[in-house]
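Any read-out appearing in this document is the output of simple, stated calculations on the displayed coordinates, not a laboratory observation. Owing to the predicted nature of the structure, the values given are computational and were not obtained by experimental measurement. Heads up, the Cβs are rebuilt from the backbone with ideal geometry, glycines too, and the neighbour counts pull from every protein chain shown.
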Amino acid sequence: MSRSQSVATLAVVLFLLNTPTAEGATDLRVSATKRYLETAEGKPFLWLGATEWVLNKHNDEQVQRVLDTRKAQGFTVIQVFAARSWGQWAWAASDLSWSHTDAKGNLPFVDGRPAQLTPEYWRRWLWIADEADKRGMQFLVMIGEPGRRDTLWPLKNLNGTYEYGRKVGEGFRSRRNVIFSIGQDSEGNVGVGVEGFRAMAEGWRTA
């Protein structure tokens, strides 16, 4: 088989593995071996993620254009940071405080308290998740920012951390294409620590 034939065959295989249903994104589950994700029909799911961390900074037309482009390029997952408190870091070329808000200037939390979600901010994430679903794409939401040690919106205790995870989970639980993550490029033993991140995950799970 020639190289061009191999590439063409691979493209067909990837298409067959990740073709969405007519109703939206493919339902996923953990495989019996617990080593990979698969569809409800038992087909392995190819995770090809596009890191659109600040997607909610774009207006509606721009968001739709980004999703259309990523879909056409073959991406199967859109990955976003739900909340961002990035600032003037040593590695950053410029001040990143512009990233704190969404396209309409909303901050994720009322008065900087993670237990009080700003409704408009989080409703827009739900709309974006729905737009991804229309295109047959999974939507990875990274919500661990308040658990970091260098965040502007720190969580104070385990109860508050649990409640934060639960409240965010309540908003997204009806979306079948949403995948939860607490990963934030941060060591697990800093900020709220391993116990805190587990409490956050438990809050999401029980929402």
Residue-count net charge about residue 120 - beta-carbon cut-off 12 Å; Lys, Arg +1, Asp, Glu -1: +2
Calculated Rg and Dmax of the stretch 36-126 using C-alpha coordinates, Å: 15.9, 47
Residue order, fewest to most beta carbons within 10 Å, for 51, 39: 51, 39
Extension reserve of the residue 64-residue 37 stretch, reckoned as 0.36 nm per residue once the Cα distance is removed: 7.1 nm
Fraction of the pair-distance distribution of the stretch 146-207 above 15 Å, Cα-Cα pairs, percent: 45
Rough spin-label spacing in nm, given labels placed 7 Å along Cα→Cβ, for residue 104 and residue 149: 3.7
In sequence order, calculated HN-Hα J values of the stretch 195-206 (Karplus, 6.51, -1.76, 1.60; Hz; x Gly/Pro): 4, x, 5, 5, 5, 4, 5, 5, x, 4, 5, 8
Summed side-chain charge close to residue 56 - residues other than residue 56 whose Cβ falls under 12 Å, Lys, Arg +1, Asp, Glu -1: 0
